[in-house]
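Here's the structure we're looking at; comments come further down.
The values are calculated or read from the model by the stated rules, or taken from the named source; none is laboratory data. Just so it is clear, the structure is predicted and the values come from calculations on it, not from any experiment. Glycine also receives a Cβ, built like all others from the backbone with ideal geometry; neighbour counts cover every protein chain displayed.
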Amino acid sequence: PGAPGPAAALLQALGLRDAPQGAPKPRPVPPMMWRLFRRRDPQEARVRQRQTPPGAPLRPCYVEELGVAGNIVRHVLDRGAHTWTPEPSATGQCPQWTAIFDLSAVEPAELMSRVRLELRFVAEERAPGTAGGWELSVARATQGVGVGPVLLRQAVVSLRMPVRVELLGTAYAHNTSVPRSLQLVLALSPLATGTCACLAEASLLLVTLDPRLCHPLARPRR
Amino acid sequence: EAEPSVGGGPGGSCRTRRLYVSFREVGWHRWVIAPRGFLANYCQGQCSLPATLPGPRGPPTLNHAVLRALMHSAAPGPAGLPCCVPARLSPISVLFFDNSDNVVLRHYEDMVVDECGCR
């Protein structure tokens, strides 16, 4: 049940349907989210202003670091099951992964302005025969058949750094509402014969704009 | 934590008073990652003359408030004095876990009172 009385009113004013129940599963906060928070937090900004010359004031409803409009940034972890054994299948193909992102917390009024898929692989030693890198393919998971048409292919030079894939404009059109769930089928193929990779983590960085929480820029004082 | 008013009542002229909101106090400290709290502040004080006419660095003066204060000083009546309310506010950002264990950063406008004014 929702929080009673004034707490419910305050949560609603903050655009939250209800307070999270119980203590969340402990998990590290991604460095990117810390960076975004520190960049926007006025108290941190005051400390920064003492250390650096004043720059242009931060625009409301805009995420400078990512260069997109937005006032809500979410880091969503994948809920799919990974294939830990990177053995090729009988046909010699590397295994596919189905990544499942629960986006039910996103309100219908929120508009997507950035959808970035981030994949971290178990750092592989340079296996013989994997020179030339890899090719990542991303498809939508569908009921029944399982795999829809490939949405995009991206060359991957190394697996030592996280692989980032922009999905807005390919998997989703701009300014469309956010689906309640996003299911993607991922495949990473070595461009030359070689071993398959292990996916360690898949996550989604989702930036949305809730226009109801945006005020028009106040006119500068005459 | 709030700055106590002088003499227990809304003492002194209209100005910003310190109010610190602690997320622990409201029981949200388990799911709010940062900040631990923030200075929200509040407005309190008399809006009689000359407080209704703040100095050059204060918020813009509303003619209506001046008229009302003038009327009250000439003949106190039911209209009473103007009210001491927030005149300039600033935003905060909150980093928290939501019900789906996502890490969420939300930006909220008008959360901190920077200046008070008579209205």
Open item on the list: Looking at (1) in a strand (DSSP E or B); (2) within 13 Å of chain A (Cβ to nearest Cβ); (3) under 20 Å from the mean Cα position of the chain (by Cα), which one does residue B:106 not meet, given that it meets all the others?
Closed with: (3)
Open item on the list: So, in the stretch B:13-49, exactly how many residues are more than 9 Å from the chain's Cα centre (by Cα), among the polar types (S, T, N, Q) and not in a loop (DSSP other than H, G, I, E, B)?
Closed with: 3
TODO: Could you look through the stretch B:19-53, keep only residues that are touching a helix residue (DSSP H, G or I) at 6+ places or on another chain (Cβ under 7 Å) and closer than 21 Å to residue B:80 by Cα, and pick out the one that is farthest from the other protein chains (Cβ to nearest Cβ)?
DONE: B:48
TODO: Examine the stretch B:87-101 for a residue that is more than 30 Å from residue A:100 (Cβ to Cβ), of a type in the set (Gly, Ala, Ser) and assigned to a strand (DSSP E or B), and state whether such a residue exists.
DONE: yes
TODO: Answer yes or no as to whether residue A:153 is closer than 22 Å to residue A:111 by Cα and in contact with an Asp or Glu (Cβ under 9 Å, 6 or more places away or on another chain).
DONE: no
TODO: Could you pull out every one of the strands (runs of 3 or more DSSP E) wholly within the stretch A:81-163 that has 3 or more residues that are surrounded by fewer than 15 Cβ atoms within 10 Å (Cβ to Cβ) and at pLDDT 70 or above?
DONE: A:134-142, A:146-156
- [ ] Determine if the stretch B:65-74 includes at least one residue that is among the aliphatic types (A, V, I, L, M), free of Cβ contacts under 8 Å to residues at least 24 places away in the same chain, surrounded by 14 or more Cβ atoms within 10 Å (Cβ to Cβ) and not in a strand (DSSP E or B).
- [x] yes
Open item on the list: Looking at the structure I just gave you, is residue B:56 modelled with pLDDT under 90 and surrounded by 16 or more Cβ atoms within 10 Å (Cβ to Cβ)?
Closed with: no
Open item on the list: From the list A:216, A:179, exactly one residue is part of a loop (DSSP other than H, G, I, E, B), surrounded by fewer than 11 Cβ atoms within 10 Å (Cβ to Cβ) and at pLDDT below 85. Which is it?
Closed with: A:216
- [ ] Please indicate, with yes or no, whether at least one residue in the stretch B:91-98 is among the hydroxyl-bearing types (Ser, Thr, Tyr), within 30 Å of residue A:25 (Cα to Cα), surrounded by 14 or more Cβ atoms within 10 Å (Cβ to Cβ) and modelled with pLDDT of 90 or more.
- [x] yes
